[in-house]
Amino acid sequence: HHHHQQQQSVDISDDRTRMIGEASAFYEQYRTALARGPGLQVVECAGDGNCLFRSVAHQIYGDESCHDVVREKCVDYMEVEADFFSQFVEGGRESFALYCAAKRMNACWGDDPEIEAMCELYGRPAEIWAYDPYTGARKLRTFHEAMSSSSSSSLSHHNHQATAAGTMKLSYYGGGHYDSLIPITAAP
């Protein structure tokens, strides 16, 4: 599985579900580490192929059911910024329209290019947390780290409110499932 190459191909049939059962020891270890370290808890989003958009919808609107709106805004943005985003897609500009058409479909998986687009669109950086066999959990990567601090960003002039809302925090668990992460203190 060429997971480390930059370019993404779209495989609609790619059925990445949670590889590791919810109740498993690994998942418990992961949740405990998130709670202990960064003080985060997982808000589980349905694993139906919309999970990236569901978790971003939860981060932005507090409601995962807005995932279709998030998906639409995301792909609209990518089409506007096609010169940039087509670089990350196999076939470049030639296949980019097909890529975007696929990404508009319900349950088509979102990946790094879509996270990148949503960070820019909503003016918020994103932290992706993942399971780590040694520490339990680790920050896999951060998109747009500078966005929260730098006001020189091209987006900040019309996006001050969004930026103030802080970093989107997403959990990427078991090789393909995204959930939303919230501070434990926010629990009811």
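Annotations
- Solvent-accessible ranking of TYR30, TYR77, largest area first, probe 1.4 Å: TYR77, TYR30
- A Förster radius of 25 Å, combined with the Cβ-Cβ distance separating SER24 from TYR134, puts the computed FRET efficiency at roughly 0.90.
- A cut-off under 13 angstrom between Cβ atoms defines the neighbours of ASN106, and their net charge, with Lys, Arg +1 and Asp, Glu -1, is +1.
- Counting charges near VAL43 (Lys, Arg +1; Asp, Glu -1) among other residues having Cβ under 12 Å from its Cβ returns a value of -1.
- With the whole protein complex present, LYS139 retains an accessible surface near 90 Å², based on a 1.4 Å probe.
The values are calculated or read from the model by the stated rules, or taken from the named source; none is laboratory data. All values reported here derive from a predicted model rather than from experimental measurement. All Cβ positions, even for glycine, are placed from backbone atoms using ideal geometry, and neighbour counts span all protein chains on display. Only protein heavy atoms, including side chains, enter the accessible area calculation; ligands, DNA and RNA are left aside. Shrake-Rupley method; radii C 1.70, N 1.55, O 1.52, S 1.80 Å.
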